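What follows is a single structure, written as structure tokens, with notes after it.
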Amino acid sequence: MVAMFVRKQVIILSTLLTLVGAGLFSYKAFQLGLPLKQNESSQVWTVEARLSFKGQGGPVKAQMRLPKNLPGLGVLNENFVSRGFGLSTQEYEEEERLAFWSLRRARGPQAVYYRLSVFQNANSIGEREAPGFPQVPQLEEPYSTALQELVSDARERSADIASFTSQMLRHINSPTPEENVMLFLGANTSAIKKAKVAQTLLAGARIPTQIAQGFELRDDPHVTAIRPWLEVHNGEKWLSFDVQTGVQFSRERHLTWFYGDQDLVTVSGARNIETEIFLRKEMIDSIAIAEQRATSMGSHAVEFSLFNLPIRTQAVYSVLLMIPIGALVMVLMRNVIGVPTFGTFTPILVALAFRETQLLYGILLFSFVVALGLLVRFYFEKLRLLLVPRLAAVLTVVVLLFVVISILSNRLDLETGLSVALFPMVILTMVIERMSIVWEERGSGAAMSEGFGSLLVATAAYLVMSIDQLEYLLFAFPELLLLVLALCLLMGRYTGFRASELIRFRTLAETKSS
């Protein structure tokens, strides 16, 4: 009963650790967008709007419409540059957001700036809800008849809302517009006028529309301008159409600056008003974007990240976080496979040393130092020394061996030999002592077997601990160690046969079956 209770505790604890670790990992990776790959970067577009004008010596008031909810985009940062001007921003219902600049006395050339950095974010909120069906416009003649004829003609030539909209925009943009279209357009053929006419005509078919103004996010740096396009709701989602061509396009890489047919800026008390918008794309570390996203979401998860530690401390933890992975390899090879080793943590520490010397040179140095250390240890045994002085003597010999190897490596211009000082000398001393005791008690075969097993486990741990992607994942998502802990707990209850024992007792099993 006690064993069953303990087993259930282990299973429950392992499950809880797995759920917590996997939950934290999923939240940081998929909600906050913390990158899953090292040195991953994201595209960031910086938009700078420059409003310039010439003051006349009196008070000046300037107003600019600002982006509010950006469908498909996330805001990395936003700032204003307006030296000497009073600045305030206000948000209104729907999608309206305005910036106001004011100055009591403005004389000569003046300029204010608005800068915005955005990145693509599929999870961003900003899509307007589906509106109700608009009422058919109540127009006087001959506008009412012209509206009905245009709607009827477009309906005959279309199959759905998208093709109906394209057909209507083709009517509006025809090189030789028919009389009904000219009745609505008049002499004004600007893009915003065409968008307003299209909105009126589509309302005649009770199709929900909205005018959006913005621009495409291109890769090359350039000066751009706000342009309008028409958005039409088909009952499921908003569709975007170029009002100059009638072509439907994807809004994936478009920045919607504001909705409506109003002007971008309004200035009073000044003349020579000009607005320039400059667009530039750059690559930004995805971690910085994740931190900004966490701030905008009100999450404090990234504030407790290892990335906020000093650089020197980060370097230490990037190594320390891999030790549990080496321990997991150790548990797997000892408890499941059955590889004999000297001690529990000796192979892991040797594997850490291999990270400095590289694998091949590390194995050669390990074998060379242990072999010479064994010879010295057997000689000290004949001197009948006490345990502690004997260990101190062996340690001194190991250090001297490292000194000789480093000097010879320096003379031979071998850089690898210079890193042997990073070997865990005390651990090697204990390996030599343990190997000599096993040699005396159980023979040379058992000693060589455990020595080879320790080297094999250290090699396997080194190969796993050297995976750069795994090192980054543990550093960015240290909660993954909870999964490692859960695996260790589960393997701690494993009492079945080891793989080496199955091979060892294979003959006995064959004899019993026969």
Residue that is modelled with the lowest pLDDT [pool: residues in the stretch 415-465 that are of a type in the set (Phe, Trp, Tyr) and under 42 Å from the mean Cα position of the chain (by Cα)]: 423
Any residue at all in the stretch 446-459 that is out of contact with any strand residue (DSSP E or B) (no Cβ under 9 Å at 6 or more places or on another chain) and within 27 Å of residue 13 (Cβ to Cβ)? yes
(1) touching a residue at least 24 places away in the same chain (Cβ under 8 Å); (2) in contact with a Leu (Cβ under 6 Å, 6 or more places away or on another chain); (3) not in a helix (DSSP H, G or I): which one isn't true of residue 90, the others all being true? (1)
Would you pick out the residues in the stretch 424-454 that are touching a residue at least 24 places away in the same chain (Cβ under 8 Å) and either basic (Lys, Arg) or not assigned by TED's automatic domain parsing to the domain that holds residue 337 (or both)? 434
Answer from 186, 246 - the residue that is assigned by TED's automatic domain parsing to the domain that holds residue 65, at positive phi and at pLDDT below 90: 246
Taking the stated definitions as given, is residue 102 in contact with a Gly (Cβ under 6 Å, 6 or more places away or on another chain) and assigned to a strand (DSSP E or B)? yes
Failed item in (1) of a type in the set (S, T, N, Q); (2) within 23 Å of residue 59 (Cβ to Cβ); (3) crowded, with 19+ Cβ neighbours inside 10 Å, with residue 292 passing the rest: (2)
Can you find a residue in the stretch 245-260 that is hydroxyl-bearing (Ser, Thr, Tyr) and farther than 17 Å from residue 211 by Cα? no
Residue 217 assigned by TED's automatic domain parsing to the domain that holds residue 265, within 25 Å of residue 264 (Cα to Cα), surrounded by 18 or more Cβ atoms within 10 Å (Cβ to Cβ) and not aromatic (Phe, Trp, Tyr): yes
Mind telling me which of the residues 458, 486 ends up being buried (at least 19 other Cβ atoms within 10 Å of the Cβ), in the same structural domain as residue 392 (by TED's automatic domain parsing) and not aromatic (Phe, Trp, Tyr)? 458
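The values are calculated or read from the model by the stated rules, or taken from the named source; none is laboratory data. Computed from a prediction, not measured in an experiment: that's the story for all the values here. Every residue, glycine among them, receives a Cβ derived from its backbone with ideal geometry; neighbour counts consider all protein chains shown.
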